[in-house]
Every structure is written in structure tokens, then in C-alpha cells.
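Take a look at the structure below.
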Amino acid sequence: MANNRLKNGLVSGFSKKSKQEKIEWIAQTCFTNSKQAKSILKSYWNTDDKLQRLHDEFIENAVTNFYLPMAVAPNFVINGQTLVLPMVTEESSVVAASANAAKFWSTRGGFYSKIIGTEKTGQVHFLFTGSHQSLALFFTDVKPKLLEQTDSITKNMRKRGGGIVDIELINSSEKLNDYYQLHVRFETADAMGANFINSCLEQIAKTLKDQAASYSKFSEDEKQLDVVMSILSNYVPGSRVKAWVSCPITDLGDDGEILTKKFIQAVNIAHHNHYRAVTHNKGIMNGIDALATATGNDFRAIEAGIHAYAAADGKYRGLSKAGVKDNKFWFSLEVPLAVGTVGGLTKLHPMVKWSHDMLQNPNAEGLMQIMAVSGLAQNFAALRSLVTTGIQKGHMKMHLLNILNQMSATDTEKQAMVEHFRTNVVSFNTVKQALSAWRKK
């Protein structure tokens, strides 16, 4: 464990301090060179004070901005529409792989996608010590009241075609003593809907508890219905999207049959081997997360839901599928996605708004389809590399500039090294040696 150099590291009322006071405390408490620490923080502030204040108000205790590169991947043809995808990521090969896959499929019919469902879910988790029969009767009687009491919350959402779809009573007492849930299904239109769903659930929980306390058919013990918590679920199998590509095997090139066989085998391996499946799915998420971040969506929630879906049958599996039908190669991906195009950062963060504008301002269903395609494109590019040249050839070439920047290479040196490594293997040591030799010359 590293030496703890914090001086008086505990602090009270930190969130109440001004931004400058927070920076001063951090610099004095956590750094040996406080002047340099403050300088680095301030160097990443936006020069536009109004824009910087906007960023400061996104989260608590903000002291600066953390920049990630924003790139674009052109040539995506999705359901006949040509799009340029915005991508925010630090991984050097992601955007190159996306652009490569997009260009490849743009001349082979492009990508296709369709919505399977858009329902989201949330639960009220509670304990009840009485009989399941009496609880089921109570739920039948009280269900209209549960819906009625959320009317003011759902009013605007219903105008947009959303709202509460249904409420179900789930008996889980065999798994955990006295444990039940109200499983609530929602439609949230173009919003991701987290705040809306949680507000509805909390009102439902309050009504449930109040009604139980006065329900005449309960015994005194049964009136002690105890709500544990009310929260949305990021597992959304009812909100799924499918993306796919297909072309004649001959369109895959001179080695199309060999590529097809190895490609399908690679997909099958990911289906049966969970060690491979994790990395296989990580590649899919490279494309989904980069687009989710650029469009102001919660990539952490998306990740959690998709990985849970990958293990839906009790074993973690690769998410994509591949095969041959009528001498045509096909490759597809089906994932659960809960995304929004209104609310959150979509209208607040200038670059998020810019990303939506560049995507021609899709609705939530449209963005789901684009996001699934982005994941499929990444997966295709990675698998094609793996079964042909290997992943490192392209990945390390993209990583070359990062290595050179670590070595403080000049522009001239970078040009020389890029040329040198067109025909040589890239690694940290080989770059170090080549750069050292070039500098001696």
C-alpha cells in the first residue's frame, strides 16, 4: 500500500465549501506540490465562465473537467439511412474499428435494426408475514388505488404515449422469508425515465403501506406490511433491440468461405466459453458505451443490464450470433437497452446536444437501433481481426501514438516512427528502441 501522505485528511462540511476552497484544501492536503496541483486543475477549466458553471452543476464537489476524446465514425448505413456516429472513448482502436466495419458493410447492404420492445420495469420490495392468499386478495382490491394515486405523476407521460403499463404481485417468499414484490412495467416514450419510474414507485409504496394499515380483511399481524425499498431495475429484457447484417459469402472476399467458417466458430466459442464471452461482450460494449456517453446516456446502467441479459439462462454467454442461410452469411446482435433522447443531459450538455443533432435527432427507439448497430459493428471488426490477422496488429498500430506521446516524441519523430512501424511489430520496448536509435542518428 502506498504511503499515506494526507495531512489532516478528514474534513467536515466539504460540500459547503466554495469551489476555490475545495481546490485549496485538496492541494494542501493531498499533494506535496500544491501549486502544481492547482495549476493542473485550472488548466482544464473551460474559458467560457457560463459553460464552466454549467459543468460544475452537473455533480457535487466539482473542481475541474476530465476530458475524453470525442470522435466520429462515418459511413454507417442503417435501415437505408447514412449516418455519422459520435463516439467518446479513450481506447485507441475503437473508433477505427467502427469506421472500418461501417465502410465494409456500406457496400454490402448496410446494417439493419428493429425494436422488439420498449417496456421498462421497477419494483416495490416489501415483507409480509401473513398468508399469500390474503395478500393476493388485498392486492386485487387495492390495485386500482395504486394506479389512481400516481395519476398526477403520470399525467404528462401519458400525453406522450407512456405511463404505467401494469402492476403485478410477485411471491418470492420461497427464496427469502416473507419477501414479495410489486413488479411494475412502464413505457417512458423518449425519456430514459429513471426519475419518472422512481417517483411512481415511491408513491405506489406509500399507498400500499397506507392501504394495508386500514385493510379490514387483514388480521392485526398482517397489517404490518413493511416496505423495504422502491427502485427501478436496470435489467430491461422488455426493452430490446436487434441489429444485423447479411451478404452472400462471395461478397466477403476471395477467402469468404474460410472467413465465414472461422467467424461462426469464434461466435460459437463465445457462446459456450464464459472466459471468451466476457471479452467478446466487452468488445460489443466498446461501441455501445462510446455512443451512449456521446449522447448523454447512462452507460453504467446499460452495461449492467446487458451483462445480466448475457447470463439470463444461468450461464454467461456471448451476445451475438452468426450463421449461413441460402449461401448468405448473417451476423446479429440482440440486447436490452434503456436510453433517452429527452431529459438528463440531452439539452444541457452542449456536446450531447451536438451529438443528437448530428444523428438527425432520433427518438429513443431510433437511438436504441443506432446503439445496437454500433455494438454489432465493433464486434464484427474485432472478430474479423481475430480470425485473420490477429487483434494486435491493428490495435498496437493505433496505440503507437499513445506510446510516442509518453516518450515526448516530436512531430518529426512521430512521422518517422509511424513509417518505421508500418512493417514492424509495435510494443513499448520496440518503440523505445526504435526511437532511441532514430534520435542517435
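Hey, does the stretch 42-49 have a residue that's of a type outside the set (D, E, K, R) and in contact with a helix residue (DSSP H, G or I) (Cβ under 7 Å, 6 or more places away or on another chain)?
Scanning the stretch 42-49, I find at least one residue that is of a type outside the set (D, E, K, R) and in contact with a helix residue (DSSP H, G or I) (Cβ under 7 Å, 6 or more places away or on another chain), so the answer is yes.
What about Ser355, is it within 16 Å of Phe111 (Cα to Cα), modelled with pLDDT of 95 or more and of a type in the set (Gly, Ala, Ser)?
no
Looking only at the stretch 130-139, filter to residues that are small (Gly, Ala, Ser) and in a helix (DSSP H, G or I); which one of those is surrounded by the fewest Cβ atoms within 10 Å (Cβ to Cβ)?
So the residue we want is Ala136.
Only one of Ile288, Ile302 is in a helix (DSSP H, G or I), at pLDDT 95 or above, crowded, with 23+ Cβ neighbours inside 10 Å and in contact with a Pro (Cβ under 9 Å, 6 or more places away or on another chain); which?
Answer to the check: Ile302.
Name the residue, out of Glu187, Glu202, that is acidic (Asp, Glu), surrounded by 14 or more Cβ atoms within 10 Å (Cβ to Cβ) and within 28 Å of Gln369 (Cα to Cα). Don't jump to the end; show me each part of the working.
Details: Glu202 fails: within 28 Å of Gln369 (Cα to Cα).
From the options Glu187, Glu202, the qualifying one is Glu187.
Kindly establish whether Val324 is at pLDDT 95 or above, assigned by TED's automatic domain parsing to the domain that holds Gly296 and within 17 Å of the chain's Cα centre (by Cα).
No; evaluated as a whole, the condition is false for this residue.
Can you find a residue that is hydroxyl-bearing (Ser, Thr, Tyr) and over 14 Å from the mean Cα position of the chain (by Cα) anywhere in the stretch 370-380?
no
In this structure, does Val339 turn out to be part of a helix (DSSP H, G or I) and touching a residue at least 24 places away in the same chain (Cβ under 8 Å)?
Spelling it out, it is not the case that Val339 is part of a helix (DSSP H, G or I) and touching a residue at least 24 places away in the same chain (Cβ under 8 Å).
For the stretch 106-121, which positions are surrounded by 16 or more Cβ atoms within 10 Å (Cβ to Cβ), in contact with a Lys or Arg (Cβ under 7 Å, 6 or more places away or on another chain) and either outside any strand (DSSP E or B) or of a type in the set (A, V, I, L, M) (or both)?
Glu119
Tell me whether the stretch 140-147 contains one or more residues that are within 30 Å of Asn75 (Cβ to Cβ), in contact (Cβ under 8 Å) with a residue 24 or more places away in the chain and loosely packed, with under 14 Cβ neighbours inside 10 Å.
The answer is no; no qualifying residue exists.
Criterion first (among the small types (Gly, Ala, Ser), modelled with pLDDT of 95 or more and within 30 Å of Pro248 (Cβ to Cβ)) does Gly117 satisfy it?
Judged against the criteria, Gly117 is not a match.
Please work out which one of (1) outside the structural domain of Val373 (by TED's automatic domain parsing); (2) under 30 Å from Ile153 (Cα atoms); (3) not acidic (Asp, Glu) is the condition Val241 fails and give its number.
Condition (1) is where Val241 drops out.
Can you find, within the stretch 51-105, the residue that is surrounded by the most Cβ atoms within 10 Å (Cβ to Cβ) among those that are within 18 Å of Thr346 (Cβ to Cβ) and either charged (D, E, K, R) or out of contact with any strand residue (DSSP E or B) (no Cβ under 9 Å at 6 or more places or on another chain) (or both)?
So, considering only residues that are within 18 Å of Thr346 (Cβ to Cβ) and either charged (D, E, K, R) or out of contact with any strand residue (DSSP E or B) (no Cβ under 9 Å at 6 or more places or on another chain) (or both), the one surrounded by the most Cβ atoms within 10 Å (Cβ to Cβ) is His55.
So if I check each of Lys217, Lys242, which one is touching a residue at least 24 places away in the same chain (Cβ under 8 Å) and closer than 29 Å to Leu333 by Cα? Spell out the reasoning first.
Values: Lys217 fails: closer than 29 Å to Leu333 by Cα.
After applying the criteria, what remains is Lys242.
Go through the stretch 159-182 and give me each residue that's surrounded by fewer than 16 Cβ atoms within 10 Å (Cβ to Cβ), under 15 Å from Val124 (Cβ atoms) and not aliphatic (A, V, I, L, M).
Once the filter is applied, which keeps residues that are surrounded by fewer than 16 Cβ atoms within 10 Å (Cβ to Cβ), under 15 Å from Val124 (Cβ atoms) and not aliphatic (A, V, I, L, M), the stretch 159-182 yields Asp166, Glu168, Asn171, Ser172, Asp178.
Might you check whether a residue that is closer than 26 Å to Met368 by Cα, in the same structural domain as Leu333 (by TED's automatic domain parsing), buried (at least 19 other Cβ atoms within 10 Å of the Cβ) and touching a Ser or Thr at 6+ places or on another chain (Cβ under 8 Å) occurs anywhere in the stretch 253-263?
Start the filter on the stretch 253-263 by keeping residues that are closer than 26 Å to Met368 by Cα, which leaves 263.
Keeping just the survivors that are in the same structural domain as Leu333 (by TED's automatic domain parsing) gives 263.
In the following step, the residues that additionally are buried (at least 19 other Cβ atoms within 10 Å of the Cβ) were identified as 263.
Restricting the remaining residues to those that are touching a Ser or Thr at 6+ places or on another chain (Cβ under 8 Å) gives none.
Among the residues of the stretch 253-263, not one is closer than 26 Å to Met368 by Cα, in the same structural domain as Leu333 (by TED's automatic domain parsing), buried (at least 19 other Cβ atoms within 10 Å of the Cβ) and touching a Ser or Thr at 6+ places or on another chain (Cβ under 8 Å), which makes the answer no.
Residue-wise test of (1) surrounded by fewer than 16 Cβ atoms within 10 Å (Cβ to Cβ); (2) closer than 25 Å to Tyr67 by Cβ; (3) touching a strand residue (DSSP E or B) at 6+ places or on another chain (Cβ under 8 Å).
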residue	(1), (2), (3)
Asp313	yes, no, no
Gly343	no, yes, yes
Leu359	no, yes, yes
Gln378	no, yes, no
Asn405	yes, yes, no
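The values are calculated or read from the model by the stated rules, or taken from the named source; none is laboratory data. This one's a predicted model, so the numbers in the text were calculated from it and none came from an experiment. Note: ideal-geometry Cβ built from the backbone for every residue, glycine included; neighbour counts use all protein chains shown.
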